[in-house]
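Engineer: Input: one structure, supplied below.
The values are calculated or read from the model by the stated rules, or taken from the named source; none is laboratory data. Everything quoted here is computed from the prediction, not taken from an experiment. Every residue, glycine as well, gets a Cβ built from its backbone with ideal geometry; the counts of neighbours run over all protein chains shown. With ligands, DNA and RNA removed, areas are computed over all heavy atoms of the protein, side chains included. Shrake-Rupley method; radii C 1.70, N 1.55, O 1.52, S 1.80 Å.
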Amino acid sequence: MNQDVNYLDFANSPLMWAAAGLAVAVVVFQSILFFRKSLVAAKELGIKKEQVHMAIKSSAISSIGPSIVILVTMISLIVSMGAPISWMRLSFIGSVNYEAMAAGFGAQAMGTTLENLTPIAFACGVWVMICGSLGWLIFTFLFTDKMNKVNNLMSKGNAKMVPIISAGAMLGAFANLASGNFFSAEGNFAFGGAPAIATVIGCLLMMGLTKVAKDKNIAWLREWAFAIAMFTGMFVGHIWNITM
């Protein structure tokens, strides 16, 4: 392959858009399929339509914040990897940090960086991005149907322990993700940084809004609490970053 050719000509080519579009179409198809099956299951379980509509509305509102964050951060990935691959990968994984890191590893393997990609380095970066996430998909495929047995084993047959264990696992996962905001790139504790401030503000606001929504029975606040906390945290973190 001619290394003098601009790799972005390949990265943004119609063929790449077509390939990425097929992959995204699979995600859309799965979403529609799962949505329809969930409606059927809700009907079989006797769940009221009002409850189903409330769940759909709450889920849609809660997805606004993370979706906008992904959309904004996707710009940085588009600059180096092109629009089709960025669109496809974030439709699957949704983590710009992972995708940029994986693409960087691929570029390093070819002796270059994301800022100086060649067509071969670009292709290597795409392969690393895709192959690096196969472990998650394979594990999900092989063990999802067995997680009920894991729940029973951990709860020792006590049904009341299942939601407690699930909540603990979720809190642990989010704590692990958020903990990186309290350390600098060198690994030093940095509580005064903008990411740490944004995390703390978002957490405190989410706790406060959830309590108010529960105590006052404010349905719309319960639905919008996550988005409000996320955007407020980001705004305060941004203000902190430009003023300090």
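Engineer: I'd like to know which of SER62, ASN152, THR210 lies farthest towards the positive end of the charge dipole of the chain, counting +1 on Cβ of Lys and Arg and -1 on Cβ of Asp and Glu.
Structural biologist: Working it through, the farthest residue towards the positive pole turns out to be ASN152.
Engineer: Which residue, VAL26, VAL200, VAL162, has the most motion in a Gaussian network model of the chain that connects Cα atoms within less than 10 Å?
Structural biologist: Between VAL26, VAL200, VAL162, it is VAL162 that shows the largest mean-square fluctuation.
Engineer: Also: Excluding ILE70 itself, calculate the net charge of residues whose Cβ lies under 15 Å from the Cβ of ILE70, where each Lys or Arg counts +1 and each Asp or Glu counts -1.
Structural biologist: Details: positive: ARG89; negative: GLU99.
Counting the neighbours of ILE70, the net charge comes to 0.
Engineer: Net charge around MET81, counting only other residues with Cβ within less than 10 Å of its Cβ (Lys, Arg = +1; Asp, Glu = -1)?
Structural biologist: Values: positive: ARG89; negative: GLU99.
It works out to a net charge of 0.
Engineer: Let me ask another. Pop out the carbon and sulfur fraction of the accessible area of the chain as a percent, whole number, probe 1.4 Å. All intermediate terms of the calculation are to be shown ahead of the outcome.
Structural biologist: On the way: 11770 of 16480 Å².
C and S atoms contribute 71 percent here.
Engineer: Enter the accessible area per residue of the chain (Å², integer; probe 1.4 Å; all protein chains in place).
Structural biologist: On the way: 16480 Å² over 244 residues.
About 68 Å² of surface per residue is accessible.
Engineer: Specify the longest stretch of the chain that does not include any exposed loop site, a site being one of the trypsin sites (Lys or Arg not before Pro) with a non-H, G, I, E, B DSSP assignment and at most 14 other Cβ atoms within 10 Å.
Structural biologist: It runs 49-155.
Engineer: Where in the range 23-66 does the amide nitrogen come within less than 18 Å of the point 7 Å from the Cα of ASP145, taken along Cα to Cβ?
Structural biologist: The answer is 34, whose backbone nitrogens lie closer than 18 Å to the label point.
Engineer: Taking every alpha carbon pair in the range 88-170, what does the distance histogram look like in 5 angstrom bins from 0, in percent?
Structural biologist: Taking all Cα pairs of the range 88-170, the binned fractions are 3, 14, 17, 14, 12, 10, 9, 8, 7, 5, 2, 0 percent.
Engineer: I've got another one for you. How large is the direction-averaged shadow of the alpha-carbon convex hull of the range 86-244, in nm²?
Structural biologist: Values: hull surface 55.6 nm².
Mean projected area of the Cα convex hull: 13.9 nm².
Engineer: Give me the distance between the Cα centres of the range 193-244 and the range 101-155, rounded to whole Å.
Structural biologist: The two parts, judged by their Cα centres, are 31 Å apart.
Engineer: Something else: What number comes out for the charge environment of ALA213, summing +1 per Lys or Arg and -1 per Asp or Glu over other residues with Cβ under 11 Å away?
Structural biologist: On the way: positive: LYS211, LYS214, LYS216, ARG222; negative: ASP215, GLU223.
In short, +2.
Engineer: Under a GNM of the chain (C-alpha, springs under 10 Å), which listed residue has the highest mean-square fluctuation: ALA194, ALA173, ALA213?
Structural biologist: Of ALA194, ALA173, ALA213, the most mobile in the Gaussian network model is ALA173.
Engineer: Suppose R0 equals 30 Å; then what is the FRET efficiency for LEU15 and LEU177 from their Cβ-Cβ distance, rounded to the nearest 0.05?
Structural biologist: On the way: r = 35 Å, r/R0 = 1.18.
Calculated value: 0.25.
Engineer: List the lysines whose Cα lies under 28 Å from the Cα of LYS149, skipping any in the same chain that are fewer than 8 positions away.
Structural biologist: LYS37, LYS43, LYS160
Engineer: Here is a further query. Kirkwood hydrodynamic radius of the range 1-153 from all distinct Cα pairs, in Å? Walk me through the numbers on the way to the answer.
Structural biologist: On the way: mean 1/r = 0.0556 Å⁻¹.
Averaging 1/r across every pair of different Cα atoms and inverting gives 18.0 Å.
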